[in-house]
């Protein structure tokens, strides 16, 4: 008796969100099948891979990443170099120095750097905050104004600051709003509802439902993303049908596997190889669980994950 495979195609689909302008613009979402299951239905838009740089330039980066940026003397040079690496679909600029518990750089200094990066590259931009919700309410609003006309993704609006960030990015300056929640499907949905009530269009929202490095409580991230995608597609839940972006770089490159010197743990092998492995493994898991875009740091990781996507979708 012949076997007839059951289709995994759904009537519902993930909303499409475009980031950037012109020929380099990218579109996230649009799928109506489970993650990477293109055998059930072709994916209109393959997952995208971004590369991250920060306002610190190469100051805080491991040597294995610094070597790829040799000769870069300004943040604009670093941005141009990052944009040139194989497999890069978009550039993520993180305002790490804005953290009031860290370097606490001035808003003027950081926004000047945002403008410098925006002028240096023609790739779609993701502008990420300092991870301090109160400071990011100010920083991300100013950043949205600074890149007006770029259709950038402002990452991210949180429950604590969504009114300020959402109003500035999604309403005043017509940018894409990143909605960041803490690894919980109910919190993710609630934030989407709040942004919708604020007036931000669902087609201008991308979710970051939480992230972790593989092996560091990652099962919670996996289950949350899977539940979000399942509800969006099988239950046609319109409040969860936004595409997902996952910042991988800052999580994986702070793990002991990526930071422990080879001299201290020779049995672990090459430090650079370990860092790349952590980044690639985490990104691959995110894509398999439902992420429509991942943000990485090491050029080899970017090229590897980009090739993986091309083979699978």
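Computed from the coordinates by the stated procedures, all read-outs in this text should not be read as laboratory data. Remember, predicted model here, so these are calculated numbers, not experimental data. Every residue, glycine among them, receives a Cβ derived from its backbone with ideal geometry; neighbour counts consider all protein chains shown.
In the stretch 108-128, of all residues being out of contact with any helix residue (DSSP H, G or I) (no Cβ under 6 Å at 6 or more places or on another chain) and surrounded by fewer than 22 Cβ atoms within 10 Å (Cβ to Cβ), the one that is nearest to residue 151 (Cα to Cα) corresponds to 119. Going residue by residue through the stretch 251-270, is there one that turns out to be touching a strand residue (DSSP E or B) at 6+ places or on another chain (Cβ under 6 Å), surrounded by 16 or more Cβ atoms within 10 Å (Cβ to Cβ) and part of a helix (DSSP H, G or I)? Among the residues of the stretch 251-270, not one is touching a strand residue (DSSP E or B) at 6+ places or on another chain (Cβ under 6 Å), surrounded by 16 or more Cβ atoms within 10 Å (Cβ to Cβ) and part of a helix (DSSP H, G or I), which makes the answer no. Does residue 207 meet the test of being surrounded by 24 or more Cβ atoms within 10 Å (Cβ to Cβ), in contact with a strand residue (DSSP E or B) (Cβ under 8 Å, 6 or more places away or on another chain), within 16 Å of residue 13 (Cα to Cα) and without any contact (Cβ under 8 Å) to a residue 40 or more places away in the chain? Answer is yes for this residue.
Residue 187 versus (1) under 13 Å from residue 289 (Cβ atoms); (2) surrounded by 17 or more Cβ atoms within 10 Å (Cβ to Cβ): which is the lone unmet condition? For residue 187, the failing item is (1).
Determine, yes or no, whether residue 176 is within 20 Å of the chain's Cα centre (by Cα) and under 28 Å from residue 229 (Cβ atoms).
Spelling it out, residue 176 is indeed within 20 Å of the chain's Cα centre (by Cα) and under 28 Å from residue 229 (Cβ atoms).
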